[in-house]
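A.B. asks: Pasting in a structure now, in structure tokens, and then I'll have a few things to ask.
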Protein chains: 2
Amino acid sequence: MRKVLLLCLLTAGLRGAAQPTAAPLTARLDKVSLTFALSPAGQPTYTVSYGQRAVITPSRLGLELAGTPGFDGQLQLIGSEVKDADETWQPVWGEVKSIRNHYQQLTVHLRQAQAPGRQLDIVFRVFADGVGFRYEVPRQKDLTYFTVQGEKTEFNLTGNHKAFWIPGDYDSNEYTYTTSKLSEVNSADITPIQEKSAPNRVQTPLMLKSDDGLYVNIHEAALVNYPALMLNVDTKTFGLTSQLVPSATGAAAYLQAPEHTPWRTVVVADNAPAVLASKLILNLNEPTTLTETSWIKPQKFVGVWWEMHVNKASWNYSDTGNLKLASTDWNALKPNGRHGANTANVKRYIDFAAKNGIEGVLVEGWNVGWEDWANNWKEEVFDFVTPYPDFNVAELQQYATGKGVKLIMHHETSGSVTNYERRQDRALTFMKEHGYDAVKTGYVGRIIPRGEHHDGQWMVNHFNRTAENMAQRQIMVDMHESVRPTGLHRTYPNWLASEAARGNEFNAWSTGNPPEHETILPFTRLMGGPMDYTPGIFQIKLEDWNPAQNKGRQVHTTLAKQLALYVTLYSPLQMAADLPEAYEKRPDAFQFIKDVAVDWDDTRILAAEPGDYITTARKAKGKEEWYVGAITDENARAQTLKLDFLTPGQRYEATIYADGKDASWDKNPMSYQIRKQKVDSKSTLKLQLAAGGGAAVSIKPVSR
Amino acid sequence: MRKVLLLCLLTAGLRGAAQPTAAPLTARLDKVSLTFALSPAGQPTYTVSYGQRAVITPSRLGLELAGTPGFDGQLQLIGSEVKDADETWQPVWGEVKSIRNHYQQLTVHLRQAQAPGRQLDIVFRVFADGVGFRYEVPRQKDLTYFTVQGEKTEFNLTGNHKAFWIPGDYDSNEYTYTTSKLSEVNSADITPIQEKSAPNRVQTPLMLKSDDGLYVNIHEAALVNYPALMLNVDTKTFGLTSQLVPSATGAAAYLQAPEHTPWRTVVVADNAPAVLASKLILNLNEPTTLTETSWIKPQKFVGVWWEMHVNKASWNYSDTGNLKLASTDWNALKPNGRHGANTANVKRYIDFAAKNGIEGVLVEGWNVGWEDWANNWKEEVFDFVTPYPDFNVAELQQYATGKGVKLIMHHETSGSVTNYERRQDRALTFMKEHGYDAVKTGYVGRIIPRGEHHDGQWMVNHFNRTAENMAQRQIMVDMHESVRPTGLHRTYPNWLASEAARGNEFNAWSTGNPPEHETILPFTRLMGGPMDYTPGIFQIKLEDWNPAQNKGRQVHTTLAKQLALYVTLYSPLQMAADLPEAYEKRPDAFQFIKDVAVDWDDTRILAAEPGDYITTARKAKGKEEWYVGAITDENARAQTLKLDFLTPGQRYEATIYADGKDASWDKNPMSYQIRKQKVDSKSTLKLQLAAGGGAAVSIKPVSR
């Protein structure tokens, strides 16, 4: 084990040699300003203001190294630069057609006051909607390979803000959000999904709202070769300190200079919609190096998936347990008769997708290993290339191709990442040989290498390497149970979506997601990137599928809200998650899912308040069509929309998928009504959202 | 982290419910007998005797599980069986043509006295030259996935034996052996090669000699899916307790029933040669499942290797440091002019090999990454497929093929095993595409996944998986810095050799290997399998290669002893390790290396005493030729050999490569003399070995 010596005493002991305080350095754009200063003890600090209002009061910065003095004090300022940047770029896919990247950058050059005088730069970028900063360790003689033990980065807040938080579990984000004052942050009574968090540790993106109406969102951008950042909340001072997810050894990151950390981000606005519209995190990510991206296709998909969650089918082919991958004769197993991923059933989904213009069909449970897949911390679980006896790869490839549908591969790793890595090349070759160009990966359970965490440096590197490896083979990927996104879809546009939050399936078999859940997700998890939330459940009450096992279980929204989620929860990859038979019963409502786009030229956040409601309008890529989604929490709510985003002079037909008059998420969730209405840019639209409800609107041009 | 609760208190508290002692059970073959008994506390114990002499006095057995009561006490005997086996099998290659596997087996079925009454079997095999036993966890309802926290296995010895030991470093075996009484075992003052050992912990194979002349060797066989066994020496009682190499989490082994441990082995004999002749460990390994083995070729090789150790060339192409694999332009690097693996130099080795009938040419340093390869605990070090600019893969492939020589691939991992595993498929494909059918692997430095050890379960699985993966592609492998062998070359005959001990190269740049070193290796490290020791150094004094850097350095043997090692240190893969120019200066001595076989029909240990001397005769595979090697420690010694192993009536010419009259390892190591002599089965041969010297003899039939 590497010995960890922080040498704090040494630092304190040398305080007498500290350099004089450096004059404050500043950067500013519009209302946002940032100040950097060095304390008398040589500690770097910063503040952030929004207009006249403080956002971050003086807060420390710094990197602690293992076994050697780091960069958390006893530093000298040896220079600084300010530059301005203003550019516009086009994402391969996204919420808008083009993105402006406008900031003022302050670079601060620091040096250890004591020999060997190692150097650290801190780079700040100030945007109109917040700041980003990162640590950069330049190439230098006396620091090459080094280990980050921790970060001193603080975010000292101005008061006891309202916070939307989940516990700082190093291995899962799949929690419902708690809304509380910072003083009340305490996860001691929250049942851990994977690993128990320290009670005051929370995850990012952390959404905050001050009493005086400032919205502050803290996260990170471009998480590469570094562990995820979590935050320890001081419930007395309202200061946040950094907690990097540790590796198996306890250290945070093993690095080689020149290297930099991810950007720490603070989005700030005086209204909630501006937070959702922020492109700060995307702008802080590197552009993709891919030049040919025509193979990357935002899409909708159906799949053999929800039927397992509602206990109508199983992932596993057999109910025989205690199998070993290498020594099991899978053909000799006794089938359980409930295996969802059988050839005939998959054909049914292919037929449904083909008929309804859905591009993809995901099939989970197609490959051997599901009998013993979870919770055993077992290394050899799946091989990613061997189908169950009742899943005919070649036949389904031919069938799907004939119908113009693409099968989506599934690579569940069970957290056994060493096993996946050593088989990934073979698995991707298998995919390409059999016509798959997209894969959903999964990382359920504890990680192998044992001792590593989902959100630690080693796994972060795995996720990024996987995205890169797949990009090289022109494969799109949707990662479940991955680290939460930090805007890397700019760099890896084949990384269409991640889960990394509590998805819709929790409604199928747990206490579920409260009605407010989807009004918080865009302010938290989605700040970093798209989520494969799997909306579109029509059969809200789940007892119909399996009365014995689903007793009392239901999705905690109305049906109309499920439609609205296709707009309010942005993703280039959207599942129509329910069973074909559920959709076939309600073709009128399903029409919205058929119609709604997954790639956009423009997005307007019409109304939003975290935990309460969101109304979003988006213009379909390359079309004159708009789609609107409006959702509310457990409270019924009326929304009046001005359609002034429509092209003036153009007439449209709006189809409004609304909650029924008597609808409510708990009592009558499946009541909906559909009406059509002619509109133009001068129209207003009144939407009545039921408790836990929503509304979806498609707006298509009509000739005069 | 998995919580570890040994529940010792619970076990103790239930002692009142213990079952009555089971009657002792025994197994026996020739002089060796074994007794099993259950103590009043339900603890399994065993003893081993050799004739009337005790070898192992009553010693505990047992497995401790993490988080649940295991199998170290409170057990009931529920049955036992005895069976006899006597079979003969032919190794793909080896020291002898066929091997007899003759034993009596006692299987003991145990059950926890308390609910849920989990079951454990202990299986003992008693051979004429020792015993093997292992724990077997059968398939059962209440134990499927489980974690072994430790073993209770003890080896209580009868006295203060002489021991030949190295420290219990979890990551390296590359130590000189200490010869001491058990009471004096203490490695506190020994500089660790990788990780400091607890002072009383030693590695296996552990060679012991009792005051009354019993030779006892303790090791293990068939190390699969389990960590290596180390031994804690009680310097007062002379008892040995088990220490399993821990994983990153601290637990020993993650297992799934049915599963079994490796065999714990005790070889016992009343003479030292019988220890070396023992096939007990091989017999306890599983037969290979390979049916086609003609591609597996025992062989000699030369290589671009020793010239780096003697500072005549470098592995790295450039002296530029702090490079990153992915972002370095290797073609733009400034060459250092000392790079050994350049096309012209490799051709020189190919020419030399072709001229002298040497099958293989190893090239180290051919691939990019050596500038920053070691001691950085860096994950992305090598990619195993990118040659340096001055190494022309295609040209060398063609050149070697034209000369009838095979290039041997080199995969140094720098201990970054996750990196190797994710690239291994591509690396092996590259090999096959370029005509390589053998690879030397290396694992220098700390392991990644960080926290794992070279000798822990995860790495054991890696080594075995690598052997298996290579067997599937018909690739032979020689593993350096691997876990020490346990006879798995029976199962994986493509795993020709391992290093896993202190090889000849230590003589090039350290305090070296003392003259006794090679007389101990066959009794310790080689008990488990062949070693790639890299003998054959002719330029004993290394100053000739690079006076500035090699001042005072030398190999700690005579030249003649280097020849003898080809016979005394058995391996199907033997390097002629010195530079071609060293051999070209002494073609008369090199003739022995050209002649000596690497695969054998028969082997006779003519004389041996650990730490003192070894004389071995071997009959070449399929030929009437014999080769004899005789080596001594720092003491000069005369050896008189009866050649009664020769075929009666056949006449032979013996060529004797002996130390010069004035030779000694330190003063005059390169003095040798060669004489020829006609011999037959009635002849005796007198060999005079210098201090640190040896003799090599080839015996070839001549027509009457």
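A.B. asks: Tell me which residues, restricted to the range A:527-548, are surrounded by fewer than 23 Cβ atoms within 10 Å (Cβ to Cβ), of a type outside the set (Phe, Trp, Tyr) and either under 21 Å from A:MET479 (Cβ atoms) or touching an Asp or Glu at 6+ places or on another chain (Cβ under 9 Å) (or both).
C.D. replies: A:GLN539
A.B. asks: What's the total number of residues in the range B:609-619 that are surrounded by fewer than 17 Cβ atoms within 10 Å (Cβ to Cβ) and out of contact with any helix residue (DSSP H, G or I) (no Cβ under 8 Å at 6 or more places or on another chain)?
C.D. replies: Just the residues of the range B:609-619 that are surrounded by fewer than 17 Cβ atoms within 10 Å (Cβ to Cβ), to begin with: B:609.
Next cut, out of contact with any helix residue (DSSP H, G or I) (no Cβ under 8 Å at 6 or more places or on another chain) only: none.
The number of residues fulfilling the criteria is 0.
A.B. asks: For the structure I just gave you, tell me whether B:TYR443 is without any contact (Cβ under 8 Å) to a residue 60 or more places away in the chain and either more than 14 Å from every other protein chain (Cβ to nearest Cβ) or β-branched (Val, Ile, Thr) (or both).
C.D. replies: Yes, satisfied.
A.B. asks: Still on this structure, I have one more. Only one of these conditions is not met by A:GLY94: (1) under 26 Å from the mean Cα position of the chain (by Cα); (2) buried (at least 22 other Cβ atoms within 10 Å of the Cβ); (3) part of a strand (DSSP E or B). Which number is it?
C.D. replies: Looking at each condition in turn, A:GLY94 falls short on (3).
Every residue, every condition in (1) among the hydrophobic types (A, V, I, L, M, F, W, C); (2) free of Cβ contacts under 8 Å to residues at least 60 places away in the same chain, yes or no:
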| residue | (1), (2) |
| --- | --- |
| B:PHE133 | yes, no |
| B:LYS141 | no, yes |
| B:PHE146 | yes, no |
| B:GLN149 | no, no |
| B:ASN156 | no, no |
| B:LYS162 | no, yes |
| B:ILE166 | yes, no |
| B:ASN173 | no, no |
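A.B. asks: Pairs, please: C-beta under 7 Å, at least 6 apart or cross-chain, first residue closer than 27 Å to B:LYS162 by Cα and touching a residue at least 12 places away in the same chain (Cβ under 8 Å) and in the range B:269-291, second open to solvent by 20 Å² or more (accessible area, probe 1.4 Å) and assigned to a helix (DSSP H, G or I)?
C.D. replies: B:ILE281/B:MET527
A.B. asks: Filtering the range A:322-347 down to residues that are surrounded by fewer than 16 Cβ atoms within 10 Å (Cβ to Cβ) and charged (D, E, K, R), which residue is nearest to the other protein chains (Cβ to nearest Cβ)?
C.D. replies: Ranking the candidates gives A:LYS324 first.
A.B. asks: Also, I was wondering about something else. Considering only residues that are closer than 12 Å to A:VAL697 by Cα and of a type in the set (D, E, K, R), look in the range A:620-658 and name the one that is surrounded by the most Cβ atoms within 10 Å (Cβ to Cβ).
C.D. replies: This residue is A:GLU625.
A.B. asks: Among the candidates A:GLN472, A:GLN457, single out the residue that is at pLDDT 95 or above and open to solvent by 20 Å² or more (accessible area, probe 1.4 Å).
C.D. replies: Exactly one residue qualifies, and that residue is A:GLN472.
A.B. asks: So which residues in the range B:688-704 are touching a strand residue (DSSP E or B) at 6+ places or on another chain (Cβ under 6 Å) and surrounded by 24 or more Cβ atoms within 10 Å (Cβ to Cβ)?
C.D. replies: B:LEU689, B:ALA690, B:GLY693, B:GLY694, B:ALA695, B:ALA696, B:VAL697, B:SER698, B:ILE699
A.B. asks: Among the candidates B:HIS411, B:HIS462, B:HIS453, which residue alone is under 20 Å from B:ASP532 (Cα atoms) and within 12 Å of chain A (Cβ to nearest Cβ)?
C.D. replies: Residue meeting the stated conditions: B:HIS462.
A.B. asks: Determine which single condition A:THR153 fails, assuming it passes every other condition in (1) away from chain B (no Cβ under 14 Å); (2) out of contact with any strand residue (DSSP E or B) (no Cβ under 7 Å at 6 or more places or on another chain).
C.D. replies: Answer for A:THR153: the failing condition is (2).
A.B. asks: Now for a different question. Return only the number of the condition from (1) touching a Leu at 6+ places or on another chain (Cβ under 9 Å); (2) open to solvent by 50 Å² or more (accessible area, probe 1.4 Å); (3) among the hydroxyl-bearing types (Ser, Thr, Tyr); (4) closer than 26 Å to A:ASN271 by Cα that A:THR179 does not satisfy.
C.D. replies: So the condition that A:THR179 fails would be (1).
A.B. asks: Taking the condition of being under 22 Å from A:MET527 (Cβ atoms) and of a type in the set (Val, Ile, Thr), how many residues in the range A:467-484 meet it?
C.D. replies: 2
A.B. asks: Being within 29 Å of A:ARG604 (Cα to Cα) and either in a helix (DSSP H, G or I) or modelled with pLDDT of 95 or more (or both) is the requirement here; does A:THR235 meet it?
C.D. replies: Details: within 29 Å of A:ARG604 (Cα to Cα): no; either in a helix (DSSP H, G or I) or modelled with pLDDT of 95 or more (or both): yes.
Judged against the criteria, A:THR235 is not a match.
A.B. asks: Quick one: B:THR418 ticks every box in (1) touching a strand residue (DSSP E or B) at 6+ places or on another chain (Cβ under 6 Å); (2) closer than 30 Å to B:ASN461 by Cβ; (3) outside any helix (DSSP H, G or I) bar one, so which box is it?
C.D. replies: (3)
A.B. asks: Any idea which residue in the range B:466-489 is nearest to the chain's Cα centre (by Cα), counting only those that are touching a residue at least 40 places away in the same chain (Cβ under 8 Å) and within 13 Å of chain A (Cβ to nearest Cβ)?
C.D. replies: Only one residue tops the list, namely B:THR466.
A.B. asks: While we're here: Report, by residue number, each residue of the range B:218-227 that is away from every other protein chain (no Cβ under 14 Å) and in contact with a helix residue (DSSP H, G or I) (Cβ under 7 Å, 6 or more places away or on another chain).
C.D. replies: Passing the criteria: B:HIS219, B:ALA221, B:LEU223.
A.B. asks: A further question follows. If B:ASP425 satisfies every condition in (1) open to solvent by 10 Å² or more (accessible area, probe 1.4 Å); (2) in contact (Cβ under 8 Å) with a residue 60 or more places away in the chain; (3) within 14 Å of another protein chain (Cβ to nearest Cβ); (4) not hydroxyl-bearing (Ser, Thr, Tyr) but one, which is the exception?
C.D. replies: Status for B:ASP425: all satisfied but (2).
A.B. asks: Something else now. Scan the range B:238-271 for residues that are in a strand (DSSP E or B) and either in contact with an Asp or Glu (Cβ under 7 Å, 6 or more places away or on another chain) or open to solvent by less than 10 Å² (accessible area, probe 1.4 Å) (or both) and report the count.
C.D. replies: 14
A.B. asks: Sticking with this structure for a sec: Can you tell me which residue is most open to solvent (accessible area, probe 1.4 Å) among those in the range B:182-222 that are of a type in the set (Ser, Thr, Tyr) and farther than 27 Å from B:LEU280 by Cα?
C.D. replies: B:THR191
A.B. asks: Can you tell me how many residues within the range B:234-259 are more than 19 Å from the chain's Cα centre (by Cα) and more than 13 Å from chain A (Cβ to nearest Cβ)? Spell out how you get there, then give the answer.
C.D. replies: If we filter the range B:234-259 for residues that are more than 19 Å from the chain's Cα centre (by Cα), which is where we start, we get B:234-243, B:246-259.
Then keep just the ones that are more than 13 Å from chain A (Cβ to nearest Cβ); that gives B:234-243.
Of the residues in the range B:234-259, 10 are more than 19 Å from the chain's Cα centre (by Cα) and more than 13 Å from chain A (Cβ to nearest Cβ).
A.B. asks: Please specify each residue of the range B:207-228 satisfying the condition of being under 16 Å from B:HIS260 (Cα atoms) and β-branched (Val, Ile, Thr).
C.D. replies: If the condition is that a residue be under 16 Å from B:HIS260 (Cα atoms) and β-branched (Val, Ile, Thr), then B:VAL224 is the only one that fits.
A.B. asks: Ok, one more. Looking at A:GLY503, A:GLY536 in this structure, which one is more than 18 Å from A:ALA691 (Cβ to Cβ), modelled with pLDDT of 95 or more and in contact with a helix residue (DSSP H, G or I) (Cβ under 7 Å, 6 or more places away or on another chain)?
C.D. replies: Working: A:GLY503 fails: in contact with a helix residue (DSSP H, G or I) (Cβ under 7 Å, 6 or more places away or on another chain).
Step by step, each of A:GLY503, A:GLY536 is checked, and only A:GLY536 is more than 18 Å from A:ALA691 (Cβ to Cβ), modelled with pLDDT of 95 or more and in contact with a helix residue (DSSP H, G or I) (Cβ under 7 Å, 6 or more places away or on another chain).
A.B. asks: In a helix (DSSP H, G or I), away from chain A (no Cβ under 14 Å) and either in contact with a strand residue (DSSP E or B) (Cβ under 7 Å, 6 or more places away or on another chain) or crowded, with 24+ Cβ neighbours inside 10 Å (or both), is that true of B:MET431?
C.D. replies: Criteria met by B:MET431.
A.B. asks: I would also like to ask the following. Give the range B:352-382 a look and list any residue that's under 27 Å from the mean Cα position of the chain (by Cα), within 22 Å of B:GLU433 (Cβ to Cβ) and either open to solvent by 20 Å² or more (accessible area, probe 1.4 Å) or within 14 Å of another protein chain (Cβ to nearest Cβ) (or both), or say none.
C.D. replies: Scanning the range B:352-382 gives a single hit, B:GLU359.
A.B. asks: Condition first: open to solvent by less than 20 Å² (accessible area, probe 1.4 Å) and assigned to a loop (DSSP other than H, G, I, E, B). Now tell me which residues in the range B:503-520 satisfy that.
C.D. replies: If the condition is that a residue be open to solvent by less than 20 Å² (accessible area, probe 1.4 Å) and assigned to a loop (DSSP other than H, G, I, E, B), then B:GLY503, B:ASN504, B:GLU505, B:GLY512, B:ASN513, B:PRO515 are the ones that fit.
The values are calculated or read from the model by the stated rules, or taken from the named source; none is laboratory data. From a predicted model like this one, the values you see are computed outputs, not experimental measurements. Glycine also receives a Cβ, built like all others from the backbone with ideal geometry; neighbour counts cover every protein chain displayed. Remember, those area values only see protein heavy atoms, side chains included, never the ligands or the DNA or RNA. Shrake-Rupley method; radii C 1.70, N 1.55, O 1.52, S 1.80 Å.
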